[in-house]
Amino acid sequence: MPVDAAGSHRVWNFGETSWLPRELPRLMGILNVTPDSFSDGGLYGTESAAVEQGLRLAQAGADMIDVGGESTRPGAVPVSVDEELRRVLPVIETLSERLKREGFSVPISIDTMKAGVARQAIAAGATVVNDVSAGTFDPAMTDVWRESTCGIMLMHMQGSPQTMQTAPHYDDVVREVVEYLEQRLQSLASEGIDATRVVLDPGIGFGKTAEHNRLLLTNIATLHELGRPVLIGHSRKRFLYSLLGRETDERLAGTIGVSIALAMQSTDILRVHDVSQVRDALRTWQALAPHPQSAPRFPTACESRLE
């Protein structure tokens, strides 16, 4: 599908919500309810700690909160459906209620590859399913998507979390990732799922070397040729070590630098841990860099609240 300069085909519909393209990326705040995620594992392992962090992300200006109960870092050990549900359902239910009560219009996504988790998370208040397997891990996921109006995030991954970083190889990583995502879009269309519900993610760090990641991060325009919003999850990831020599807890500046580079390429959504800092950096760049004046203004944090 051809895309005009305004990105008019990149409208994203999920639930009763429509997100139009805007000048700067929307921010998806990461909320891992896991003991073993690569950056924040164990920090929000209880319902109360996770809900409070979710509220902090909303207060910092997150446009969406992504709740995950299974780590997908390289080499991560899979968990059962029951364990994943035990971790995420109470958080989604309580956080959804608290956000509404405190005046935040911030949707919740569930980060899962399992149809059983996705279905119950939607019933609990999630309106988006973020599937790092693009619906290929659990064939029943397509049924969940067809039965609901949830938003769908399709990600490219070479291999599985257990094998993806063993020896990633591509002849042309940008072309191959784009072709894979296009095939997944076509597969969903054949199942009667509207493409306007779909966001595409090239899967930074999921079966890619640092050079593969660099090539994808500098070719967002090619991803946009598929006509759907583009999501990038680069926050604190390992490829920043190859650029900066920084360990995980020292990668905020690198994350911000990549965020600005992605904003310059009209990336639609950034999945980040440090919402407040990335938001401030993007607002500062927006204020000082040459940019079209006609595009929607990036709202201030306080404007994320409902009137």
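Some notes on this structure:
- Within the stretch 101-129, the set of residues being in contact with a Cys (Cβ under 6 Å, 6 or more places away or on another chain), open to solvent by 30 Å² or more (accessible area, probe 1.4 Å) and of a type in the set (A, V, I, L, M, F, W, C) comprises just one member, Ile122.
- Gly116 vs. criteria more than 17 Å from Ser187 (Cβ to Cβ) and not charged (D, E, K, R): yes
- As for the stretch 36-51, it holds no residue that is closer than 19 Å to Phe206 by Cβ and free of Cβ contacts under 8 Å to residues at least 12 places away in the same chain.
- Search result, residues across the stretch 226-240 that are out of contact with any Asp or Glu (no Cβ under 9 Å at 6 or more places or on another chain) and open to solvent by 20 Å² or more (accessible area, probe 1.4 Å): Lys237, Arg238
- The stretch 135-150, subset β-branched (Val, Ile, Thr) and touching a Gly at 6+ places or on another chain (Cβ under 7 Å), residue most open to solvent (accessible area, probe 1.4 Å): Thr149
- Of all residues making up the stretch 123-153, the number that are charged (D, E, K, R) and farther than 20 Å from Asn13 by Cβ: 1
One line per residue, one yes/no per condition, for (1) in contact with a helix residue (DSSP H, G or I) (Cβ under 7 Å, 6 or more places away or on another chain); (2) modelled with pLDDT of 95 or more; (3) crowded, with 23+ Cβ neighbours inside 10 Å:
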{"position": "Asp131", "(1), (2), (3)": "yes, yes, yes"}
{"position": "Ile152", "(1), (2), (3)": "yes, yes, yes"}
{"position": "Val174", "(1), (2), (3)": "yes, yes, no"}
{"position": "Tyr180", "(1), (2), (3)": "no, yes, no"}
{"position": "Ala210", "(1), (2), (3)": "yes, no, no"}
{"position": "Ala221", "(1), (2), (3)": "no, yes, no"}
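- Residue match in the stretch 275-296 (condition: in a loop (DSSP other than H, G, I, E, B), polar (S, T, N, Q) and in contact with a helix residue (DSSP H, G or I) (Cβ under 8 Å, 6 or more places away or on another chain)): no
- Selection status of Gln165, in contact (Cβ under 8 Å) with a residue 60 or more places away in the chain, assigned to a loop (DSSP other than H, G, I, E, B) and surrounded by fewer than 23 Cβ atoms within 10 Å (Cβ to Cβ): yes
- For the stretch 71-100, the set of residues classified as touching a residue at least 12 places away in the same chain (Cβ under 8 Å), within 27 Å of Gln277 (Cβ to Cβ) and open to solvent by 20 Å² or more (accessible area, probe 1.4 Å) consists of Thr72, Arg73, Pro74, Arg87, Thr94, Arg98, listed by residue number.
- Test: residue in the stretch 75-91 that is closer than 30 Å to Ser266 by Cβ and in contact with a Gly (Cβ under 9 Å, 6 or more places away or on another chain): no
- The sole residue among Leu57, Leu27 that is among the hydrophobic types (A, V, I, L, M, F, W, C), part of a helix (DSSP H, G or I) and at pLDDT 90 or above is Leu57.
The values are calculated or read from the model by the stated rules, or taken from the named source; none is laboratory data. Computed from a predicted model, the values in this text were never measured in an experiment. Neighbour counts are summed over all protein chains in view; Cβ atoms, including those assigned to glycine, are modelled from backbone coordinates with ideal geometry. Accessible surface areas use protein heavy atoms only, side chains included; no ligands, DNA or RNA. Shrake-Rupley method; radii C 1.70, N 1.55, O 1.52, S 1.80 Å.
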